[in-house]
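Chemist: Below are the structure tokens for one structure; questions will follow.
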Amino acid sequence: MSLRSDLRSAFRSLSATRGTTLLAVATLAVGLGASTAMFSAIQGILLRPLPYAEPGGIVRVTPRTAPGADQISWPNFEDLRSWTTSLEKVAGFSTSGMFVYGGEEPEQVRGVDATHDLFAVLGVQPLLGRPFTAEEDRAGGPAVMLISWEWWQRRFGGDESVIGRTVPVTVDGSRTRTIIGVMPRGFQFPIGPEPVDFYDPLEPWISEDDRTGRDSVWMDVVARLAPGRSASEADAELAAISTRLEQLDLAANRDLRLRAIPLRDEILGGTDRALWVLFAAVVVVLLIGCVNVANLLLGRAATRVREMAVRSALGASRARIVRQLLLESGMIGLAAGLAGLAIASAGIRLLLAIAPADIPRLDGVAIDWRVFLFGIGMAALTGIAFGLVPALTAASGNPGRSLSEGSRGTTEGRGRGRLREGLVVAEIALALLLLPAAGVLLRSFWNLGRVDVGFEPRNVMMLDLSLRSSKHESDEQVLEAAQQLRSALGSLPGVESVASARMLPFFQSNWVVDVTIEGKPEPEPGRGPVPAYVIVSPGYFSTMRIPLLRGRALSERDAAGAPLAAVVSESFARTWFTPGEDPVGRRLRLEAGLAEIVGVVADVREADVMREPMPALYVPLAQAVNRRVRMLVRTSPGSGLTEAALRGVVRELDPLQPIIEIRPLDEMRSEAFAARRLALALLLSLATLAFLLAAVGIYGVMSNSVTRRRAEIGVRMAFGARPSDILRLVLRRVFVMAALGGAIGLLGAAAGTRLIGRFLYGVTAADPLTFAAILVLLSLVALAAAWVPARRAARVDPIRAIRYE
């Protein structure tokens, strides 16, 4: 019965001070909403188990050699599978894709070519049908595949009779794939931004060169640890296997160092650290909100001194008074928690809308029962946290002292005032944990944006396609089709130039080649040049605006049958030629023969601009024919060239030509910064919110202090204190609080910024300029927050103040 009475009393008390109550609820709701949204991201991305059986026992096997830092060759894979004892099962795979015909347009699907033991490694069985067998996973085996649940639903409508059905992968249906199974809903391997639509045997698609060459690195490896073995034990064994492989073929395996990395760590990369840093930032904002609300309730409690004293005098125990006040703070916390869940839901929708696609496992971010319990639990915990100090403070002391201290309502107890000021110091210190980190990240992002990437991506559209083999069988037909397409695209209004490339600058290191330089000493095995191998059409460098430094660019004269020509990048020339030595005119030994270096161009940077540019070798399309063509269409600014216009050109030349992708090139480059930009935006928002809350806290404490000390100020002015003296008195207290909070906060920030060191470029974690700017900002914010209460104090009429007292 007493609890019900206390609840009614708490509700009436909060209703009587609606403004304070709503401000407290709003302040806490923001912090609780942000923390709940971040927990949802952590739960969905980090804590949610991988969709495989006993995922803790699955590892990725990767080498440290570069290039090809994530992949190994087929012969090395076979030896690894034969020699290992710490890995129970080992599977190889490679991502692939194809076009399926039978509709209005060819449908592009992405897949994984894998060895037959992939599903045994992952511990997953098909929902329908069966996995492919060892007999099917061999050279000349039947063309079978398993499909994903999502593609099954999208293309086949969930029809269970799909098993045994064939799908055409050529226009005339001369080549088909037979569906032998459907994977469970939600299954995907590897986990990445792009969905995987099918899985098929790997060996039937391996070329002879890829099957026999140890220097041909193209496949990824995943394995399951043997029972009782750990990843570190597998790592030790793989070190010994690496040594054996190096001895077998020094040229291909020099410095090879195979490692076993837990699959979870491989998938998450650096995402886990970034998420925990952001979660810590959110918790800091929540703590500042709690401190602000505690200050609000302390100020409210100061006006209720007489009420608490009367309750105590009438026989209410301290426990009863504490319970009453905790009920009030608990109700505030509950209301804030419910509002926070609504804010979290909106925040998650916004996060999913703006987050880059390469953030792993983003599809699992949602408000489920775990997130709901976290939100409610945090609301209850914060309700107790911010209400406990005011409750204990209000319940402490004897009734007589409280009545004498609070009866006139004009002075605040010295201890209570110091407590409130101490809370403001804590607010400032907490806010300063975030601002330096946000500041150095902002400077880092600024530095990254100013890096010269070596080409101009603006006003360039990229059209990606693979010319159909059924229509363009010979190299001559491929070249003719590519030339026709360039000519047709170049005739569109607003088009300045058109060129093509096998690889875009963002991904040049995905295809490399071994070369030797004629006239130079034969390098040690495995020590020769291994540049990025880029096949380009005439006009590529001018279209991409890659500066030509020496010699000439590739042109129409570098045709099929003409002497082999090549252009090298500046880093290639710098690495493999001595200073002052001109590479132009020198010859390189390639697989196709001796190619003369006819020019040197500037370096281009890949998607990760923090890495040094990789040496590159450019060869003409006519002398290295490839069906994969990425057309690069440079337009005049404001031309308004649309995707539909580009697609129309292709359809006019070949209605059944599959189109892989059409995108603006600068949009693709921007994606390289998307995750970093999102983290920066979130951290800046949280730091700004933290500082605003701290400013509100300073204002609230000083405003309340001026009101509570009105009589004292009146007496000081009656004895001769000038308004400037009162102004200095109030501002001095603010700067003392700011100095204490700043000193504590900067010490914590100096340690905290080290956590984000790996995300910085061109700036140190303890950058003195950033820290100095934050201190100046702190001083300005503290001054702005205290200026209005200080001015009000300086204008107090001493006669009216004393009469009020």
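The values are calculated or read from the model by the stated rules, or taken from the named source; none is laboratory data. These numbers come from a predicted model, not from an experiment. Note that we place each Cβ from the backbone using ideal geometry, even for glycine, and neighbour counts take in every protein chain shown. Only protein heavy atoms, including side chains, enter the accessible area calculation; ligands, DNA and RNA are left aside. Shrake-Rupley method; radii C 1.70, N 1.55, O 1.52, S 1.80 Å.
Chemist: Could you give the length gained by full extension between residue 134 and residue 4, i.e. 0.36 nm per residue of separation minus their alpha carbon distance, to one decimal place?
Modeler: Working it through step by step, the gained length comes to 39.7 nm.
Chemist: On a C-alpha basis, how far is the centre of the stretch 325-359 from the centre of the stretch 588-655 in Å? Whole number, if you could?
Modeler: 47
Chemist: What number comes out for the charge environment of residue 477, summing +1 per Lys or Arg and -1 per Asp or Glu over other residues with Cβ under 13 Å away?
Modeler: Within the 13 Å Cβ shell, the charges total -2.
Chemist: Restrict the search to the stretch 72-175; then list the chymotrypsin sites (Phe, Trp or Tyr not before Pro) that DSSP places in a loop and that have at most 10 other Cβ atoms within 10 Å of their Cβ.
Modeler: Sparse-neighbourhood loop chymotrypsin sites (Phe, Trp or Tyr not before Pro): none present.
Chemist: At each listed q (0.25, 0.31 Å⁻¹), what is the log10 of I(q)/I(0) that the Debye formula gives for the stretch 239-279 modelled as equal alpha-carbon point scatterers?
Modeler: Listed by q, the Debye log ratios stand at -0.77, -0.94.
Chemist: Just subtract the alpha-carbon distance of residue 496 and residue 232 from 0.36 nm times their residue separation and send over the number in nm, one decimal.
Modeler: Length gained, residue 496 through residue 232: 89.4 nm.
Chemist: Continuing with this model, one more query. For residue 532, what residues show an amide H to amide H distance below 5 Å, using hydrogens built from the backbone and excluding near sequence neighbours?
Modeler: Correct list: 616, 617.
Chemist: Once the convex hull of the C-alpha atoms of the stretch 69-189 is built, how many Å³ does it hold per residue, rounded to a whole number?
Modeler: In the stretch 69-189, the Cα convex hull volume per residue is 133 Å³.
Chemist: Give me the base-10 log of I(q)/I(0) for the chain at each q in 0.05, 0.09, 0.10 Å⁻¹, Debye formula, one uniform scatterer per Cα, rounded to two decimals.
Modeler: -0.40, -0.99, -1.13
Chemist: Order the following by accessible area, largest value first: 368, 603. Probe radius 1.4 Å; ligands, DNA and RNA are ignored.
Modeler: 368, 603
Chemist: Between residue 388 and residue 776, what is the FRET efficiency for a Förster distance of 41 Å, r being their Cβ-Cβ separation, to the nearest 0.05?
Modeler: Given R0 = 41 Å and the Cβ-Cβ separation, E is 0.70.
Chemist: What is the dipole size for the chain, taken about its Cα centre, with +1 at each Lys and Arg Cβ and -1 at each Asp and Glu Cβ, in debye to the nearest 20?
Modeler: Approximately 6540 debye in magnitude.
Chemist: Related question: Could you work out how far apart the two model spin labels at residue 370 and residue 688 are, taking each label as a point 7 Å from the Cα in the direction of the beta carbon, and quote it in nm?
Modeler: Simple spin-label model gives 3.2 nm for this pair.
Chemist: Keeping all protein chains in place and using 1.4 angstrom, which order do 511, 369 fall into by accessible surface area, from largest down?
Modeler: Accessible-area ranking of 511, 369, largest first: 369, 511.
Chemist: In 10 Å bins starting at 0, how do the alpha-carbon pair distances of the stretch 553-649 split up by percent?
Modeler: Taking all Cα pairs of the stretch 553-649, the binned fractions are 13, 34, 31, 17, 4 percent.
Chemist: Once Lys and Arg get +1 and Asp and Glu get -1 on their Cβ, which of 547, 236, 694 lies farthest toward the positive end of the dipole of the chain?
Modeler: 694
Chemist: Quick one: which residues, 5 or more positions from residue 586 or on another chain, have an amide H under 5 Å from its amide H? H modelled 1.01 Å from N in the peptide plane, none for Pro or chain starts.
Modeler: 597
Chemist: Continuing with the same structure: Can you give the convex hull volume per residue for the Cα atoms of the stretch 475-515, as a whole number of Å³?
Modeler: Roughly 103 Å³ of hull volume per residue.
Chemist: Given only helices, namely DSSP H runs of n ≥ 4 each adding -39500 (n - 2.57), what is the per-residue ellipticity at 222 nm of the chain, to the nearest 500 deg cm²/dmol?
Modeler: -16500 deg cm²/dmol
Chemist: Among 690-696, 640-646, 124-130, how do they line up by average Cβ neighbours within 10 Å per residue, starting with the highest?
Modeler: 690-696, 124-130, 640-646
Chemist: Obtain the nm distance between the two label points defined at residue 363 and residue 47 by a simple spin-label model: each point lies 7 Å from its Cα along the Cα-to-C-beta direction.
Modeler: If labels sit at residue 363 and residue 47, their model points lie 2.2 nm apart.
Chemist: Give a quick list of trypsin sites (Lys or Arg not before Pro) in the stretch 432-498 that DSSP marks as loop, anything other than H, G, I, E or B, with at most 10 other Cβ atoms within 10 Å.
Modeler: Listed in order of number, the matching sites are 450.
Chemist: Let me ask something else. Only bridges whose two residues both fall in the chain count here: according to DSSP, what percent of them are antiparallel, nearest 5?
Modeler: In the chain, approximately 75 percent of DSSP beta bridges are antiparallel ones.
Chemist: Ok, one more. Given a Förster distance of 35 Å, report the FRET efficiency between residue 510 and residue 769 from their Cβ-Cβ distance, rounded to the nearest 0.05.
Modeler: Rounded to the nearest 0.05, the efficiency is 0.35.
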